[in-house]
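Student: Here it is, the structure, as structure tokens.
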Amino acid sequence: MEPTTIALAAITLVAATVNGALGYGFSSITVPVALFFLTNRVLNPALVPIEVVLNAYVLWVNRGSIQHVWRRTLPIVVALLPGVIVGTMLVSQVNSDWLKFITYVTLLPLILLQAAGFRRPIRSERSAGLAFGGALGVLYSVTTISGPPLAVALSNQGLAKQEFRAALGIIRLAESSMTAVAYAYAGLYSVSSMGLIPVILPSLAIGVPIGAKLIRHIRPETFRRICMSFDAWIVAFGLSTLLKDLQLVESNRAYFVLVAVGLLDTWLLYRFFSVQLPMAKQAELLAASDRLTTDTP
């Protein structure tokens, strides 16, 4: 096996484990790392058909909550199509290095927002959903990533765990299906892309069940936070490298981005484990105590 094949299999195994645990994260982990040795034009068309199946599975598992969330997700789904069309045009026409640059620049603030635990409920879901859906369509079709912004948006809206996963499944199945069709129309599928699928599928078959079992023994918020930290460092390194390669920043000054993100993420990790996690545990203990008091005759 070639080193590239081994690396892609290992990356997608980790990403599939994350997806099995959280219900999203496959592309968020795979793409930033795989772009070090592949281009968007080769990688994206291999991931999108796989994500159609993966997202359909997530939605099927959480089908019982579809009736509670489909109306709330409809504005986002409707607005996805024009965004997907624009994004597909970018993938087919823009230089591969600049596509990578766009991917990293877009992802980094979204990952850091999620890592910071950003929460701000949206009051006007319908109008905000239309704007958000268009932007999400562009982002997904260019990068095949939508997990971080979707997690930030949906976690703000007070959805229960199963409702969150069902809403995630509806939106992600719609965006991946639309992108799969758009890629076919634009002629982006190639022998090189299709050759990656047999490498990725075994990783999914192994990783998703492992993640589903693993999350039963780890706090989901802790697991998610560690994944976001990994993503932040990888994206920051990729962005620093591209700043130098594209000659946007001279010499090794480009790596100041990596240093700055590293310092910020270290502080966010410290705040999470020293402040946010203890508060969450205390709130859970209080809630359990209240339930026990209520149930006691």
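The values are calculated or read from the model by the stated rules, or taken from the named source; none is laboratory data. What you see is a predicted model; the values in this text were computed from it and never measured. Positions of Cβ are generated from backbone atoms using ideal geometry, with glycine treated the same way; all protein chains shown enter the neighbour counts. Ligands, DNA and RNA are excluded from the accessible area calculation, which covers all protein heavy atoms including side chains. Shrake-Rupley method; radii C 1.70, N 1.55, O 1.52, S 1.80 Å.
Student: When you scan region 267-278, do you find a residue that is open to solvent by 30 Å² or more (accessible area, probe 1.4 Å), among the small types (Gly, Ala, Ser) and either touching a Pro at 6+ places or on another chain (Cβ under 6 Å) or over 30 Å from Leu59 (Cβ atoms) (or both), even just one? Full working, then the answer.
Tutor: Of all residues in region 267-278, those open to solvent by 30 Å² or more (accessible area, probe 1.4 Å) come to 267, 269-271, 273-276, 278.
Then keep just the ones that are among the small types (Gly, Ala, Ser); that gives 274.
Subset that is either touching a Pro at 6+ places or on another chain (Cβ under 6 Å) or over 30 Å from Leu59 (Cβ atoms) (or both): 274.
Yes, region 267-278 has at least one match.
Student: Answer yes if at least one residue in region 44-57 is over 26 Å from Leu277 (Cβ atoms), surrounded by fewer than 22 Cβ atoms within 10 Å (Cβ to Cβ) and over 20 Å from the mean Cα position of the chain (by Cα), and no otherwise. Even if it seems obvious, please write down each step before you answer.
Tutor: Going residue by residue through region 44-57, those that are over 26 Å from Leu277 (Cβ atoms) are 44-57.
So of that shortlist, the ones also surrounded by fewer than 22 Cβ atoms within 10 Å (Cβ to Cβ) come out as 49, 52-53, 56-57.
So of that shortlist, the ones also over 20 Å from the mean Cα position of the chain (by Cα) come out as none.
Looking through region 44-57, none of the residues is over 26 Å from Leu277 (Cβ atoms), surrounded by fewer than 22 Cβ atoms within 10 Å (Cβ to Cβ) and over 20 Å from the mean Cα position of the chain (by Cα).
Student: Any residue in region 168-195 that is part of a helix (DSSP H, G or I) sitting within a Cβ distance under 7 Å of a residue that is among the charged types (D, E, K, R)? List the pairs, counting only those 6 or more apart or interchain.
Tutor: Listed pairs, sorted by first residue: Ser176/Glu51.
Student: Could you pull out the residue among Ser146, Ser65 that is in contact with a Phe, Trp or Tyr (Cβ under 7 Å, 6 or more places away or on another chain), farther than 23 Å from Phe272 by Cα and open to solvent by less than 40 Å² (accessible area, probe 1.4 Å)? It would help to see each step written out before you state the result.
Tutor: Numbers: Ser65 fails: in contact with a Phe, Trp or Tyr (Cβ under 7 Å, 6 or more places away or on another chain).
Among Ser146, Ser65, only Ser146 is in contact with a Phe, Trp or Tyr (Cβ under 7 Å, 6 or more places away or on another chain), farther than 23 Å from Phe272 by Cα and open to solvent by less than 40 Å² (accessible area, probe 1.4 Å).
Student: So is Gly195 under 21 Å from Ala15 (Cα atoms), surrounded by fewer than 21 Cβ atoms within 10 Å (Cβ to Cβ) and of a type outside the set (A, V, I, L, M, F, W, C) or not? Quick ask: steps written out before the conclusion?
Tutor: On the way: under 21 Å from Ala15 (Cα atoms): yes; surrounded by fewer than 21 Cβ atoms within 10 Å (Cβ to Cβ): yes; of a type outside the set (A, V, I, L, M, F, W, C): yes.
Here the answer is yes, as Gly195 does meet what is asked.
Student: Does Leu188 count as modelled with pLDDT of 90 or more, out of contact with any Gly (no Cβ under 6 Å at 6 or more places or on another chain) and surrounded by 18 or more Cβ atoms within 10 Å (Cβ to Cβ)?
Tutor: Details: modelled with pLDDT of 90 or more: yes; out of contact with any Gly (no Cβ under 6 Å at 6 or more places or on another chain): yes; surrounded by 18 or more Cβ atoms within 10 Å (Cβ to Cβ): yes.
Answer is yes for this residue.
Student: Would you be able to tell me the number of residues in region 245-265 that are open to solvent by 80 Å² or more (accessible area, probe 1.4 Å) and closer than 24 Å to Ser229 by Cα? Steps first, please.
Tutor: Step one: filter region 245-265 for residues open to solvent by 80 Å² or more (accessible area, probe 1.4 Å), giving 245, 247-248, 250, 252-253, 256, 259, 263.
Those still in the list that are closer than 24 Å to Ser229 by Cα too: 252-253, 256, 259, 263.
Qualifying residue count for the region: 5.
Student: Then there's this: Answer yes or no: is there a residue in region 225-241 that is open to solvent by 80 Å² or more (accessible area, probe 1.4 Å), modelled with pLDDT of 85 or more and in a helix (DSSP H, G or I).
Tutor: The initial filter retains those residues of region 225-241 that are open to solvent by 80 Å² or more (accessible area, probe 1.4 Å), namely 226, 230, 233, 237.
Still in the running and modelled with pLDDT of 85 or more: 233, 237.
Applying the additional criterion that residues be in a helix (DSSP H, G or I) yields 233, 237.
Yes, that holds for at least one residue.
Student: Could you check Tyr183 against (1) out of contact with any Lys or Arg (no Cβ under 8 Å at 6 or more places or on another chain); (2) crowded, with 20+ Cβ neighbours inside 10 Å; (3) hydroxyl-bearing (Ser, Thr, Tyr); (4) under 17 Å from Leu74 (Cβ atoms) and say which number it fails?
Tutor: Result: Tyr183 fails condition (4) only.
Student: Only one of Pro32, Pro75 is closer than 14 Å to Arg172 by Cα, open to solvent by less than 30 Å² (accessible area, probe 1.4 Å) and touching a helix residue (DSSP H, G or I) at 6+ places or on another chain (Cβ under 9 Å); which?
Tutor: On the way: Pro32 fails: closer than 14 Å to Arg172 by Cα.
The unique qualifying residue is Pro75.
Student: Does any residue in region 128-147 that is over 25 Å from Arg41 (Cβ atoms) come within less than 7 Å, Cβ to Cβ, of a residue that is aliphatic (A, V, I, L, M) and not in a helix (DSSP H, G or I) six or more places away or on a different chain, and which pairs are these?
Tutor: Ala128/Ile122
Student: Just the residues that are surrounded by 18 or more Cβ atoms within 10 Å (Cβ to Cβ) and at pLDDT below 85, please, taken from region 1-25.
Tutor: Residues satisfying the conditions are Asn19, Gly20, Ala21, Leu22, Gly23, Tyr24, Gly25.
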